[in-house]
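Novice: Sharing a structure below in structure tokens format, with a few things to ask.
The values are calculated or read from the model by the stated rules, or taken from the named source; none is laboratory data. All of these numbers come straight from a predicted model, not from anything done at the bench. Positions of Cβ are backbone-derived with ideal geometry, glycine not excepted, and every protein chain shown enters the neighbour counts.
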């Protein structure tokens, strides 16, 4: 049998399974091809590629595992969401993403209990210590434990980050919306095939369909990770504690990490809303704790209509002077930062996401969206009052 035909046959078996059928629309999404140009398997975040010799070496259960592995990367938009991690350390990001995927598949397979999939002998072994962690949390833990070099290896598949990086904001948004639709379609099919027809048990994508996120904690973590002051050693100022013993040692000095930009969507739909009040209160507390060297607050609707600068953590709610009330264009802040040659350590945006132009920036950006919209790039948290 042609190996591509064999892959498609396993697609059909996945679609026919009463539980794994939730993955059916995802495994069929994008292009599925075979090529000797890669050692095993790969995805660019939507398309899947397989080496036919690798496929031939796998049992049907192992092949289904590999197919579902690639589909899980697609479901969680790993190659778009974790671009910043990949730029920092490709190998560690690959390993963290595969830990997440393989543990998820392992746990689901255990719950199903029919041995429908089996992990191949190659790849990242599922590690229970990472259960419940995001890719970023696994990455941080691996980094803390001193694992991972700077290369791009790790796992039995390849993650084609460069291809994903080449996608524009519009294409990223289109893929994110399409994947969300495919997940919902798969869940509908799974519910229809559940034993009692209710579909309440054995969900595959509960965390994606109904995410439970403490947006305040995510906001605090984001700002702290990127703007928190750090201590660095310096030989220019010797440590006085050791000088009496004729020992020359460096002292530690505090280093404040870069400025922070906070963007406020002050269009008619957001201006003066309760979301803005709660957000301002939260960001004020965070800035007091982190104390970035500079905070630039930018008010925007269809253009940047005002901005303020607060130095050395002196952000004051009562001093804010919001302006706006017009329409909305989500790209104006990023264009303005380029024009002003402002290069912050991080950007935090508050908006309702009711626009089509999202812009783009190489700066780590957190979108705090009052509603259910998802930004096509950066990190999104949906805030609630």
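Novice: Can you name the residue in the range 259-272 that is at pLDDT below 75 and surrounded by 16 or more Cβ atoms within 10 Å (Cβ to Cβ) and is also farthest from residue 337 (Cα to Cα) among such residues?
Specialist: Selected residue: 269.
Novice: Moving to a separate point now. Take the conditions assigned by TED's automatic domain parsing to the domain that holds residue 11 and farther than 19 Å from residue 125 by Cα and apply them to residue 107. Does it pass?
Specialist: Judged against the criteria, residue 107 is not a match.
Novice: So which residues in the range 289-309 are assigned to a loop (DSSP other than H, G, I, E, B) and closer than 12 Å to residue 332 by Cα?
Specialist: 301, 302, 303, listed by residue number.
Novice: Name the residues in the range 44-71 that are surrounded by fewer than 22 Cβ atoms within 10 Å (Cβ to Cβ) and more than 15 Å from residue 122 (Cα to Cα), would you?
Specialist: If the condition is that a residue be surrounded by fewer than 22 Cβ atoms within 10 Å (Cβ to Cβ) and more than 15 Å from residue 122 (Cα to Cα), then 47, 49, 52, 60 are the ones that fit.
Novice: May I pose another question? So in the range 99-137, with the set limited to residues that are assigned to a helix (DSSP H, G or I) and over 26 Å from the mean Cα position of the chain (by Cα), which one is nearest to residue 159 (Cα to Cα)?
Specialist: 110
Novice: So in the range 15-35, with the set limited to residues that are under 22 Å from residue 122 (Cα atoms) and touching a helix residue (DSSP H, G or I) at 6+ places or on another chain (Cβ under 7 Å), which one is surrounded by the fewest Cβ atoms within 10 Å (Cβ to Cβ)?
Specialist: 32
Novice: If you don't mind, there's one more thing I want to ask. Could you check how many residues of the range 72-85 are in contact with a strand residue (DSSP E or B) (Cβ under 8 Å, 6 or more places away or on another chain) and buried (at least 22 other Cβ atoms within 10 Å of the Cβ)?
Specialist: 4
Novice: Quick one: residue 85 ticks every box in (1) at pLDDT 95 or above; (2) farther than 18 Å from residue 205 by Cβ bar one, so which box is it?
Specialist: Residue 85 satisfies all of (1) at pLDDT 95 or above; (2) farther than 18 Å from residue 205 by Cβ except (1).
Novice: Restricting to the range 130-164, count the residues that are closer than 24 Å to residue 362 by Cβ, exposed (fewer than 14 other Cβ atoms within 10 Å of the Cβ) and at pLDDT 85 or above.
Specialist: So the answer is 1.
Novice: Let me ask another. List the helices (runs of 4 or more DSSP H) inside the range 1-98, counting only whole elements, that have at least 1 residues being without any contact (Cβ under 8 Å) to a residue 12 or more places away in the chain.
Specialist: 3-16, 83-88
Novice: Okay, moving on. Does the range 93-117 hold any residues that are crowded, with 23+ Cβ neighbours inside 10 Å and more than 23 Å from residue 32 (Cβ to Cβ), and which are they?
Specialist: Answer for the range 93-117, where residues must be crowded, with 23+ Cβ neighbours inside 10 Å and more than 23 Å from residue 32 (Cβ to Cβ): 93, 96, 99.
Novice: When the range 336-385 is examined, which residues are found to be within 22 Å of residue 178 (Cβ to Cβ) and over 19 Å from the mean Cα position of the chain (by Cα)?
Specialist: 354, 355, 356, 357
Novice: Please work out if residue 322 is buried (at least 17 other Cβ atoms within 10 Å of the Cβ), touching a residue at least 40 places away in the same chain (Cβ under 8 Å), in a loop (DSSP other than H, G, I, E, B) and more than 16 Å from the chain's Cα centre (by Cα).
Specialist: Taking the combined requirement at face value, the residue satisfies it.
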